[in-house]
Amino acid sequence: MVAPSGPVPRERFAVGAAILGARYELVYQERIFAKTGFLAGDDDARLQELQAALDDDRMGAVFCARGGYGLGRIVPRLDLRRVAKPVVGFSDTTALHAALQKAGIRSVHGPVVTQLGDLPSDDAEALFSALESATPPPPIYSLRPLGASHRAEGPLVGGNLEVFSRLVGTPQLPSLAGAIWVVEDVGERPYRLDRALTQLLTSGALTGVVGCVIGDLVNCVERDGAGPSAEEVIVERLGRLGIPVAAGLPIGHAKRNRAFILGASAILDGDTLTFGESLVV
């Protein structure tokens, strides 16, 4: 377990670690609780901790303790050539997931350690299954198609919209050509989501994307309650692409965060997202 982003609260960490510890042998350094402003320690310390975990052949997986902010500062300095284990996290971990996918490495978009105690046991079981099972995760039904509804197939790419948009112009941005793009966010007002989407569109980063699945958009509302809604902004901005868009994926900063595998193939067909590959081969 590592803390490459924001400061880690001990109590919430302990609850999540207990859930993981009932199944796995846990390894972490006391520095995981360091705090330097809005970061879990200085850049060099966080980089060293993360690189060591990625390189250590004795470790079966790397769990991010929490999100927040900070991975974008150290990801460009990471050496990903020896990574042969799953990395688990979401939110700020999107920056690391993207770099891994750019390098052709699958990873697990799933709960951070400090979130696990707030989720239903089903989400912990889905995380364990994603890490351990050679069978693809079960489909997710009851999505809400928005706009175009034709079938799309491709690898899953994405995560937090704000973090992903900040990768434009960097070597860490993976190609979305032929991919199904997954987005979620928290606390971003609709006009800010519009700005991020417009940047991605005008930069060409969304060229060739075949579909989009929307997770939770927590507190993504205007202060006065006026429209358009966050979902409406996404649908309007992506409308020019003519791709299917569906909402309701149970991931993100709300009450659910079901693990799935970034870089693995999937099919978006109306209200159903079907996973075609597992992490275990």
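Determine, yes or no, whether VAL218 is in contact with a Cys (Cβ under 7 Å, 6 or more places away or on another chain), within 19 Å of GLN115 (Cβ to Cβ), at pLDDT 95 or above and β-branched (Val, Ile, Thr). Give the steps one after another, and end with the answer.
Details: in contact with a Cys (Cβ under 7 Å, 6 or more places away or on another chain): no; within 19 Å of GLN115 (Cβ to Cβ): yes; at pLDDT 95 or above: yes; β-branched (Val, Ile, Thr): yes.
When the stated conditions are applied, VAL218 does not pass them.
Quick check on SER142: is it touching a residue at least 24 places away in the same chain (Cβ under 8 Å), of a type in the set (S, T, N, Q) and surrounded by fewer than 22 Cβ atoms within 10 Å (Cβ to Cβ)? The answer is yes for SER142. Within region 165-175, the set of residues being in contact (Cβ under 8 Å) with a residue 60 or more places away in the chain and β-branched (Val, Ile, Thr) comprises THR170 only.
Outside the structural domain of LEU197 (by TED's automatic domain parsing), of a type in the set (Gly, Ala, Ser) and in contact (Cβ under 8 Å) with a residue 24 or more places away in the chain: which single residue out of GLY178, GLY159, GLY117 fits that description?
On the way: GLY178 fails: outside the structural domain of LEU197 (by TED's automatic domain parsing); GLY159 fails: outside the structural domain of LEU197 (by TED's automatic domain parsing).
After ruling out the rest, the residue left standing is GLY117.
ARG151 falls short on exactly one of the conditions (1) in contact with an Asp or Glu (Cβ under 8 Å, 6 or more places away or on another chain); (2) in the same structural domain as PHE90 (by TED's automatic domain parsing), and that condition is (2).
Output the residue which, of all residues in region 123-138 that are in a helix (DSSP H, G or I) and either of a type in the set (Ser, Thr, Tyr) or without any contact (Cβ under 8 Å) to a residue 60 or more places away in the chain (or both), is surrounded by the most Cβ atoms within 10 Å (Cβ to Cβ). Full working, then the answer.
Narrowing region 123-138 to residues in a helix (DSSP H, G or I): 123-132.
With either of a type in the set (Ser, Thr, Tyr) or without any contact (Cβ under 8 Å) to a residue 60 or more places away in the chain (or both) added as a condition, the list becomes 125, 129.
On the way: GLU125: 12, SER129: 17.
Out of the qualifying residues, it is SER129.
Could we say that PHE38 is modelled with pLDDT of 95 or more, aromatic (Phe, Trp, Tyr) and over 27 Å from SER165 (Cα atoms) here? Spelling it out, it is not the case that PHE38 is modelled with pLDDT of 95 or more, aromatic (Phe, Trp, Tyr) and over 27 Å from SER165 (Cα atoms).
Residue-wise test of (1) outside the structural domain of ARG66 (by TED's automatic domain parsing); (2) surrounded by fewer than 23 Cβ atoms within 10 Å (Cβ to Cβ); (3) aliphatic (A, V, I, L, M).
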{"site": "VAL221", "(1), (2), (3)": "yes, yes, yes"}
{"site": "ASP224", "(1), (2), (3)": "yes, yes, no"}
{"site": "SER229", "(1), (2), (3)": "yes, yes, no"}
{"site": "GLU232", "(1), (2), (3)": "yes, yes, no"}
{"site": "ARG237", "(1), (2), (3)": "yes, yes, no"}
{"site": "LEU241", "(1), (2), (3)": "yes, yes, yes"}
{"site": "VAL245", "(1), (2), (3)": "yes, no, yes"}
{"site": "GLY248", "(1), (2), (3)": "yes, yes, no"}
{"site": "ILE251", "(1), (2), (3)": "yes, no, yes"}
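Scanning region 183-213 for residues that are hydrophobic (A, V, I, L, M, F, W, C) and in contact (Cβ under 8 Å) with a residue 60 or more places away in the chain yields VAL186, VAL213.
For region 42-64: of the residues being assigned to a loop (DSSP other than H, G, I, E, B) and among the small types (Gly, Ala, Ser), which is farthest from PRO111 (Cα to Cα)? It would help to see each step written out before you state the result.
Initial filter on region 42-64 (assigned to a loop (DSSP other than H, G, I, E, B)): 42, 56-61.
Now narrow it down to the ones that are among the small types (Gly, Ala, Ser): 60-61.
Numbers: GLY60: 17, ALA61: 13 Å.
Looking at the filtered set, the residue picked out is GLY60.
Of the residues making up region 1-41, those that are of a type in the set (Ser, Thr, Tyr) and not in a strand (DSSP E or B) are SER5, TYR24, TYR28. In region 40-68, the residues that are over 20 Å from LEU20 (Cβ atoms) form Cβ pairs under 6 Å with partners that are among the polar types (S, T, N, Q) and at pLDDT 95 or above, at six or more places apart or across chains, as follows: ASP42/THR36. Among residues of region 215-234 being without any contact (Cβ under 8 Å) to a residue 40 or more places away in the chain and not in a loop (DSSP other than H, G, I, E, B), the one that is nearest to ILE140 (Cα to Cα) is GLY215.
Of everything listed in (1) farther than 20 Å from PRO171 by Cβ; (2) outside any loop (DSSP other than H, G, I, E, B), the single unmet condition for GLY67 is (2).
The values are calculated or read from the model by the stated rules, or taken from the named source; none is laboratory data. Being a predicted model, the structure only gives us computed values, none of them experimental. Neighbour counts are summed over all protein chains in view; Cβ atoms, including those assigned to glycine, are modelled from backbone coordinates with ideal geometry.
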